[in-house]
Amino acid sequence: MDVVKNEESNDSTQRYEVLMELGDCHATVGRYEPARQYYNKAASMSPDEAGPYVGLGVVALHENNLDDADIAFRVAYRLNNSCSKAFAGMAMIHQQRGDYRGAFDLYLKCMELDPDNLTALLGLFQASCQMGTFSKIIHYLELYLKMHSADVSVMFSLSALYMKEGRLEDSKNLLLNAVALDPSNQDAVNLLEEIEHKISQDMQLEVNI
Amino acid sequence: MTGPLVSIIIPTFNRRLYLPYALGSAVRQDYENIEIFVVNDGGEDVSDIVSSFDDPRIIFINREENRGKSYSLNQALAKATGKYVCYLDDDDIYYSNHVSTLVGVLESNPDYHVAYSDLYKVYCRILPDGSRQVLSKVVEVSRDFNRYFMFYFNHCLHISLMHRRDLLEKTGLYNENLNILIDWDIARRFAFFTDFYHVEDITAEFYSPLEDDSRISIKGRKDLGEYKKNVLAIRKTRPTKPWYKTKDLSIIFDTDEVCGNSINTIGQVVGHTFYPYMLYIPMPAHRWTQMNSNFANMVNVDVAEQTSRLEKIDKALNECEGEYVVILPNGFSITDLWVEKATYALDNSCENECFELEDSSEYCFAVAARKEDFIKARNQFPEYSLRDSLNAAGLTVKKVDEMTSPFEFDSYVHLAIQKEEEGDWKKAIEIYEYLAKSSQNQLWIKTCIVKACFEAGYYDAAIKFSEELNNKRPTVNTLLRHAKICRKMNDYSGAIELLRKAEQILEGKELIWM
């Protein structure tokens, strides 16, 4: 026989969680100094956790302090070598320093660990654009869309890549979905028009031949 | 504040570092009419700590011999003169309103002789200098009083409890033969005589250091054999009658021999019954003596060798003392709640109703009834079978169904937790909402609803219930959850405000004197 206790569990990480939440909230609204203080408190509370260093790295990135950000993300990685956010942070630093190849590889590592990470996905997309290569990221965008089937911004990015790859029907279908979900998305509407026009041109060409 | 005298008892053993905080929290109560007993249980000298408070309300018992916690409590109780008594361990603390809160409800509700509040369990890390770094403060137990639960296990922690001192005249003092669970033992005995008033305010903290195996309560629990021995010793304890709030149960064992199979049945009864009972075994006294049984709470009903089965039962029925009677046939399947479901059904039944036990059958008839109903039926129709005599006397024999249980609430919570684990948050919410319609454990259920609504993504509902919860009684966890909901709704300043409150509780801002 088993009878249950109250809902509040045997939890030894509550204070750490409160400090991290405070850090994240302050960082989100742009109050970087208190955010940094809370992340530092969280780090001293749980010295083995990577989370506070990721937070410190993000704050440093916002302040455009790439060296401090680099150190923080490296510490996070050292504490937890499967911390996807540490990879994403290091990738952003590489990207901002103009090392697109390095950024691309680190974003890829992040996506392997966490296919759900939108920051890394968009970073991957940007780095691809900056390098002029797209083929590798289609897989990750498709994977992401499987998990977030209503994400119009990713639909748009993927349809643009399909178009560049010559997969016009795939691109059109995706854009039709995007426009159905968000009819006010003018970029998607415009791209859809462009693709439909291109498809009709191609068909005309085939008929003429 | 004026009011009756309250005795606070603080037993201590080798905790010089923490005793000043415990004693300080007792001295700083906003209720002044108190006497504070500090009992040194043969540990290192603490007289300097006690005298440093320079408070005439402190009575110091400085014993050199280590005799255990129960002995220390009893020693203080022998000298206590307060109308009410409460307890504080030497490494825990009261909030300043602890005594006033509990005295207030007991004075306003004189039918209750015991009251208890909620506590924070404080998970902490011991730093090299011995100080405690707080990691979490959680309300681990916040249950409304439930007598069946109290008979099964404790849900009122010792330092949260205040009781009338004269209640001990009925229950007896602390059991000095127990190594652990002495608090459950005394609370369980209280439950025979009074209901407990549950105050949902958090009025104290008890500390639970991580990886601290030196505590007696932890060491005792690790030795499973010793632990079970203590549990059984507690469950067999029957305070002196009359019991004002508990119906005694007599189990009449319908067997021809006490050997083999029937000994096994008796063992099962002992192992699976937590409702207070006496087991009556009708058999010739000389055979009973030969058995040399060590089972607790067993009584022989002496019958002649050739007595028929029904005559034996009738004799036991007339000799037994319980208000409820269960007839237990030999070989009957005994599992958890086997008899408690029936006593619970009787508690909630009309007159002239009795209950056939869940696994009872035509050939192995087990039944629970009020003693007077049973005797009336047997006296009127002694030649009939048990079932027929009950029917003939106009009693309705109902079958205990699967859902009848003193732990119905827990069964539903279990089901909801199962649904949560399956990711079916919607179903979990439905179950919690059903439970919320009952009058029990409202704060607990509301906490569960908030969690389930949050996980299900129903943020509007989550925020509504969360606000209600935090207006009534904010805890670190409820504030943290509320803040997470605010974040999801992009209300960052709201989240920060809630998190700051949670942080202040964790930092002990209300304990600024420490």
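The values are calculated or read from the model by the stated rules, or taken from the named source; none is laboratory data. Owing to the predicted nature of the structure, the values given are computational and were not obtained by experimental measurement. For neighbour counting, all protein chains shown are included, and Cβ atoms are generated from backbone atoms with ideal geometry for every residue, glycine included.
Looking at the stretch B:136-181, which of the residues that are more than 23 Å from B:Leu210 (Cα to Cα) and among the aliphatic types (A, V, I, L, M) is nearest to the chain's Cα centre (by Cα)?
The extreme case among them is B:Met150.
Take the residues of the stretch B:342-358 that are closer than 16 Å to B:Arg370 by Cβ and charged (D, E, K, R): which is farthest from the other protein chains (Cβ to nearest Cβ)?
B:Glu351
Scanning the stretch B:357-394 for residues that are acidic (Asp, Glu) and closer than 16 Å to B:Ser250 by Cα, which turns out surrounded by the fewest Cβ atoms within 10 Å (Cβ to Cβ)?
B:Glu372
Which one of these does A:Asp11 not meet: (1) touching a Ser or Thr at 6+ places or on another chain (Cβ under 7 Å); (2) away from chain B (no Cβ under 14 Å); (3) without any contact (Cβ under 8 Å) to a residue 12 or more places away in the chain?
The one condition A:Asp11 does not meet is (2).
Can you list the strands (runs of 3 or more DSSP E) lying wholly within the stretch B:353-418 that have 2 or more residues being among the charged types (D, E, K, R) and touching a strand residue (DSSP E or B) at 6+ places or on another chain (Cβ under 8 Å)?
B:353-356, B:396-399
In this structure, is A:Leu191 over 25 Å from A:Thr119 (Cβ atoms), out of contact with any Gly (no Cβ under 8 Å at 6 or more places or on another chain) and modelled with pLDDT of 90 or more?
Spelling it out, it is not the case that A:Leu191 is over 25 Å from A:Thr119 (Cβ atoms), out of contact with any Gly (no Cβ under 8 Å at 6 or more places or on another chain) and modelled with pLDDT of 90 or more.
Of everything in the stretch B:245-281, what is under 27 Å from B:Phe190 (Cα atoms), of a type in the set (Val, Ile, Thr) and part of a strand (DSSP E or B)? Give them in sequence order.
B:Ile251, B:Ile252
Which residues, counting only those in the stretch B:69-119, are basic (Lys, Arg) and in contact with a Pro (Cβ under 7 Å, 6 or more places away or on another chain)?
Residues satisfying the conditions are B:Lys69, B:Lys83.
Is the stretch B:452-460 home to any residue that is buried (at least 20 other Cβ atoms within 10 Å of the Cβ), within 12 Å of another protein chain (Cβ to nearest Cβ), under 28 Å from the mean Cα position of the chain (by Cα) and part of a helix (DSSP H, G or I)?
yes
Can you find, within the stretch B:105-151, the residue that is farthest from the other protein chains (Cβ to nearest Cβ) among those that are of a type in the set (Ser, Thr, Tyr) and more than 23 Å from B:Cys86 (Cβ to Cβ)?
So the residue we want is B:Ser131.
Quick check on the stretch B:113-127. Is at least one of its residues buried (at least 18 other Cβ atoms within 10 Å of the Cβ) and over 25 Å from B:Tyr207 (Cβ atoms)?
Yes, that holds for at least one residue.
When you scan the stretch B:474-500, how many residues do you find that are closer than 24 Å to B:Gln29 by Cβ and either away from chain A (no Cβ under 12 Å) or assigned to a helix (DSSP H, G or I) (or both)?
Counting residues in the stretch B:474-500 that are closer than 24 Å to B:Gln29 by Cβ and either away from chain A (no Cβ under 12 Å) or assigned to a helix (DSSP H, G or I) (or both) gives 2.
Please go through the stretch A:142-181 and pick out each residue that is more than 21 Å from A:His197 (Cα to Cα) and assigned to a loop (DSSP other than H, G, I, E, B).
Within the stretch A:142-181, A:His148, A:Ser149, A:Ala150, A:Asp151 meet the criteria.
Within the set of pairs 6 or more residues apart or between chains, which connect a residue that is within 13 Å of chain A (Cβ to nearest Cβ) inside the stretch B:325-337 to a residue that is in a loop (DSSP other than H, G, I, E, B) and of a type in the set (Gly, Ala, Ser) with Cβ atoms less than 9 Å apart?
If the second residue must be in a loop (DSSP other than H, G, I, E, B) and of a type in the set (Gly, Ala, Ser), the pairs left are B:Leu337/B:Ser405.
Quick one: A:His26 ticks every box in (1) more than 10 Å from every other protein chain (Cβ to nearest Cβ); (2) crowded, with 22+ Cβ neighbours inside 10 Å; (3) not aromatic (Phe, Trp, Tyr) bar one, so which box is it?
The number of the failed condition is (1).
Does B:Asn348 qualify as being over 30 Å from the mean Cα position of the chain (by Cα) and in the same structural domain as B:Asn300 (by TED's automatic domain parsing)?
It is false that B:Asn348 is over 30 Å from the mean Cα position of the chain (by Cα) and in the same structural domain as B:Asn300 (by TED's automatic domain parsing).
Say whether the condition of being buried (at least 21 other Cβ atoms within 10 Å of the Cβ), out of contact with any strand residue (DSSP E or B) (no Cβ under 9 Å at 6 or more places or on another chain) and not in a loop (DSSP other than H, G, I, E, B) is met by at least one residue in the stretch B:318-340.
Checked against the condition, which is being buried (at least 21 other Cβ atoms within 10 Å of the Cβ), out of contact with any strand residue (DSSP E or B) (no Cβ under 9 Å at 6 or more places or on another chain) and not in a loop (DSSP other than H, G, I, E, B), the stretch B:318-340 yields at least one hit.
Pick from the stretch B:167-182 the residues that are in contact (Cβ under 8 Å) with a residue 60 or more places away in the chain and assigned to a helix (DSSP H, G or I): which of them is nearest to the other protein chains (Cβ to nearest Cβ)?
In this case the residue turns out to be B:Ile182.
Here is a check on your reading of the model: is A:Val58 buried (at least 16 other Cβ atoms within 10 Å of the Cβ) and within 14 Å of chain B (Cβ to nearest Cβ)?
Answer is no for this residue.
Tally the residues that are touching a helix residue (DSSP H, G or I) at 6+ places or on another chain (Cβ under 9 Å) and over 17 Å from B:Tyr21 (Cβ atoms), restricting the search to the stretch B:43-59.
Residues meeting the conditions: 2.
Given the residues B:Ile49, B:Ile93, which is the only one that is over 24 Å from B:Leu119 (Cα atoms) and modelled with pLDDT of 95 or more?
Within the list B:Ile49, B:Ile93, the selection yields B:Ile49.
Could you say whether any residue in the stretch B:91-106 is under 30 Å from A:Ser46 (Cβ atoms) and within 18 Å of the chain's Cα centre (by Cα)?
Checked against the condition, which is being under 30 Å from A:Ser46 (Cβ atoms) and within 18 Å of the chain's Cα centre (by Cα), the stretch B:91-106 yields no hits at all.
Here are some residues: B:Glu408, B:Glu430. Which one is surrounded by fewer than 17 Cβ atoms within 10 Å (Cβ to Cβ) and within 14 Å of chain A (Cβ to nearest Cβ)?
Just a single option satisfies the conditions, and that option is B:Glu408.
So if I check each of B:Arg370, B:Arg378, which one is among the basic types (Lys, Arg), closer than 15 Å to B:Leu310 by Cβ and at pLDDT 95 or above?
After applying the criteria, what remains is B:Arg378.
Here is a list: B:Asp213, B:Asp248, B:Asp195. Which entry is at pLDDT below 95 and either in the same structural domain as B:Tyr87 (by TED's automatic domain parsing) or in contact with an Asp or Glu (Cβ under 8 Å, 6 or more places away or on another chain) (or both)?
None of the others qualify; the one that does is B:Asp213.
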